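Read through the structure below, which is laid out as structure tokens, and then see the notes.
The values are calculated or read from the model by the stated rules, or taken from the named source; none is laboratory data. Owing to the predicted nature of the structure, the values given are computational and were not obtained by experimental measurement. Note that each Cβ is placed from the backbone with ideal geometry, even for glycine, and that neighbours are counted across all protein chains shown. Just the protein is used for accessible areas: all its heavy atoms, side chains included, with ligands, DNA and RNA removed. Shrake-Rupley method; radii C 1.70, N 1.55, O 1.52, S 1.80 Å.
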Amino acid sequence: MARSLDGLVFVPVADQAPGQVGRRTRFEYHERDGLVWADYHGGDVVRGHLIGTRADDTVDFRYVQLRLDGTTASGHCTSLVTELPDGRLRMEETWTWESREGSGTSTVEQPLE
């Protein structure tokens, strides 16, 4: 199992469609006793929160966010946590909107220092 997510910052490696997270979005993660939560903001997201659980290298969570245009959105995501050769962590995500139609994949990783 990859190391704890507690206190780590993650950023997307690519921009998504407008109104979603993008390269300017920063996720600040916390983890304790199998629980995972994060606050995020940046780009089109004014404020977002996620909460879920971790079993081994799989994180399963729900997210909700407020966007710059004043709309809200929510969904479900499953992420696989892996360690990059340089020691940073990456999460390969598969997500589905629950507040509207749509689904996809994305990747977030610890930024280079």
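For the stretch 32-46, the set of residues classified as more than 21 Å from residue 59 (Cα to Cα) and assigned to a strand (DSSP E or B) consists of 42, 45, 46, listed by residue number. Just a yes or no: is a residue in the stretch 78-86 farther than 19 Å from residue 112 by Cα and of a type outside the set (Ser, Thr, Tyr)? Yes, there is a match, as at least one residue in the stretch 78-86 is farther than 19 Å from residue 112 by Cα and of a type outside the set (Ser, Thr, Tyr).
Taking the residues in the stretch 22-31 that are open to solvent by less than 30 Å² (accessible area, probe 1.4 Å) and part of a loop (DSSP other than H, G, I, E, B) as candidates, determine which candidate is modelled with the lowest pLDDT. Among residues in the stretch 22-31 that are open to solvent by less than 30 Å² (accessible area, probe 1.4 Å) and part of a loop (DSSP other than H, G, I, E, B), the one modelled with the lowest pLDDT is 22. Residues that are under 16 Å from residue 78 (Cβ atoms) and hydrophobic (A, V, I, L, M, F, W, C) were ranked within the stretch 36-64; the one that is most open to solvent (accessible area, probe 1.4 Å) is 51. With respect to the conditions (1) among the small types (Gly, Ala, Ser); (2) at pLDDT 95 or above; (3) open to solvent by less than 50 Å² (accessible area, probe 1.4 Å), residue 104 lacks only one, and its number is (2). Scanning the stretch 65-113 for residues that are more than 11 Å from the chain's Cα centre (by Cα), part of a strand (DSSP E or B) and either among the acidic types (Asp, Glu) or closer than 18 Å to residue 39 by Cβ (or both) yields a total of 9.
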